[in-house]
Amino acid sequence: MGEDMNGKDDVRDLTGGMFEDEFAVSAEEAGEFLVGIGEQLRENDELTLEGDGWKIPFEFGDEVEIELDYDGNVPELEIEVEMEGGREKDEAPTVS
């Protein structure tokens, strides 16, 4: 991506559409990433992920789904965290 007038790289804000990527990192880097996610989940109602030239700000709801998939024959462990976007609460209709 190009640089702006301040010499900083442009960062594309991914607020719509689709994005998928996979990263092969060390266990230490993965741990730091997961701790960062955990801290944001505990402290805020928005999670922001950033990469090389992109940023995903995501406002999440109250419920987070965690799925564990273990195959001891391979061996392989998959951990998936899924969260729905936060929604504004509607005002209840009135009865007349």
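The values are calculated or read from the model by the stated rules, or taken from the named source; none is laboratory data. What you see is a predicted model; the values in this text were computed from it and never measured. Ideal geometry is used to build each Cβ from the backbone, glycine not excepted, and the neighbour counts take in all protein chains shown. SASA here: full protein model, heavy atoms, side chains in, ligands and nucleic acids out. Shrake-Rupley method; radii C 1.70, N 1.55, O 1.52, S 1.80 Å.
Couple of notes before you dig in:
- The range 70-91 residues that are closer than 23 Å to E20 by Cβ, paired with ones that are outside any strand (DSSP E or B) (beta carbon under 7 Å, 6 or more apart): G86/D45
- When the range 38-54 is filtered for residues that are surrounded by 10 or more Cβ atoms within 10 Å (Cβ to Cβ) and closer than 18 Å to E20 by Cβ, the ones remaining, listed by number, are L47, T48, L49, E50, G51, G53, W54.
- Matching option when the condition is open to solvent by less than 100 Å² (accessible area, probe 1.4 Å) and within 30 Å of R87 (Cα to Cα), among V35, V25: V35
- Residues in the range 71-96 that are open to solvent by 100 Å² or more (accessible area, probe 1.4 Å), among the charged types (D, E, K, R) and in a strand (DSSP E or B): E76, E84.
- Annotation: of all residues in the range 55-69 being closer than 21 Å to F19 by Cα and open to solvent by 80 Å² or more (accessible area, probe 1.4 Å), the one that is nearest to the chain's Cα centre (by Cα) is E59.
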